Amino acid sequence: MSTNAEAVSTWSRSDTLYRYGQLLLLVVAAGSIYAVAYLRQVYQDPMMGALALNQVQLGYLYSILGASFLVCYLPSGWLADRISPRYLISFSLLGTGVLAMCYATLPPFHVLLLIFGGFGVTTGLTFWAPLIKRVKTIARKQDQGRFFGLLDGGRGLIEAPLATVALLIFMHLKNDQNASDPEAFKAVIHVYAYVCLTLGVVFALIRDPRRDDRSDIEPHRKTNLWADLKLLAGIRELWLVAAIVFCGYHFFWSTYSFSNYLGAGGVGLGMATAALITTVKLWTRPVGGIGGGWLGDRFSNLRVLTIAMCLAALGMFCLVLLPKFAAGGVLAGLVIFIGTVTYAIRGLYWAILDVCPIPARVEGLAIGIISVLGYLPDAFIPLINGWIIQTYPGLFGYQIYYSYIATVGVMGVIAALALNKRIAKRKAA
């Protein structure tokens, strides 16, 4: 009897180590692949200088990236239902690394448009839905908040050290009289390019210890895509989740402009200080993501998400109202607080997918649909941000922009409350 109990206990520990080991690999991949495409959140001014971009052109680059995401998300979900995530993730990392090497040549604007469109393919088509579906598959029902929180928070544990190393290299070269600012920015790109290429090779070579690379892939069967889309369209909870992701993602987009807001945007802290603060903000990602996931599993993923979105909206309104009354240090602290809460939101809004009655065989397609709608801001927020800051330079432009972000965030809170009401009705029935 005791032998059987020991065997069950050993199997349980082995299963737990297996699931967390799989999660660790996914965290490392996710924490490395996106950073090179979003260097603007720390290096916006050096990036614009090295590439000879204005605010409008910068907006076009990220709008192209966002449009590429939108085109890729739905087929990404379809792929995730049919191809092993490991192969898709390996291809994504290698492709992103090659594009980053091209990016490091500081090419002209028309080539940059192609590179950023390519980033959308390698991080959207072959990476995003496989990543989310794989995490959802390896997490038990009671661990959804924790695993998605660890995914987003763990990405911070990867992104922050990488960003710190890149920043140290950038500052060293920037202070070197023999090196120019463009050379310093090129060195930053190379850091991320080499990491992505190395990880791509690792994912290509590793083997799943259980030899079930396709454990989360349904057996091949003839399916009707339109019938599956019609099935998903009838699930109202899915549309509310998409609305929550849409509104919550606005907060994340606002963090990309914190560096410029604190520096050249009117607060006047200086470029190096602003870059340092936004790098510190990256270190809060583990706190927000992991802490939010833990609280979500303990109380309720949706309840904690709703509170986090309320706090983020309040913080954005404070960024609008406080600059004339508060010192730069207070605003820097507020930026770090908003970043922490935003990472909690990101760590939770995929965990609430578990409340939707979605058949397992179309989970990837559902993730694709939610991603298309939820990440729609990728296509238009860069244009909105670029136009506002170009038309109303300085602090006033950021007050307009952050007012818009906060307003959309309040709409996200309303969507979360509506989803909670619908879940309560379904439980009562």
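Taken together, the values in this text are just the output of simple stated rules run on the coordinates, not laboratory data. The shown structure was predicted, so the numbers you read here are calculated from the model rather than taken from an experiment. Glycine also receives a Cβ, built like all others from the backbone with ideal geometry; neighbour counts cover every protein chain displayed.
Overview of results
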item	result
Linear extension gain, ARG236 paired with THR164, 0.36 nm per residue minus alpha-carbon span	21.6 nm
Electrostatic dipole magnitude of the stretch 235-325 [Cβ: Lys, Arg +1; Asp, Glu -1; Cα centre; debye, to 20]	80 debye
CD proxy at 222 nm, helix term only [per DSSP H run n ≥ 4: -39500 (n - 2.57); per residue of the chain; nearest 500]	-26500 deg cm²/dmol
Ellipsoid semi-axes in whole angstrom, largest first, where each is sqrt(5λ) of the Cα gyration tensor of the stretch 372-429	34, 13, 4
Scattering profile of the stretch 115-162 at q = 0.30, 0.31 Å⁻¹ [log10 I(q)/I(0), Debye over alpha-carbon scatterers]	-1.00, -1.01
Rg and Dmax [Cα atoms of the stretch 241-373; Å; Rg one decimal, Dmax integer]	16.5, 54
Equivalent ellipsoid, the stretch 252-326 (semi-axes from 5 times Cα gyration tensor eigenvalues, Å)	28, 15, 8
Between 0 and 90°, nearest 10: helix 395-428 axis offset from the chain longest Cα axis	10 degrees
Calculated on alpha-carbon atoms, Rg and Dmax of the stretch 306-417 in Å	16.6, 54
Cα-based equivalent ellipsoid, the stretch 1-153: semi-axes from gyration tensor eigenvalues, Å	39, 15, 13
Helix 2-33 axis, angle to the chain major axis (alpha carbon atoms, nearest 10°)	30 degrees
Coordinate range along principal axes, alpha carbons of the chain, Å, largest first	72, 48, 48
Restraint check, LYS230/LYS425; LYS136/LYS186; LYS281/LYS421, Cα-Cα greater than 29 Å	LYS136/LYS186; LYS281/LYS421
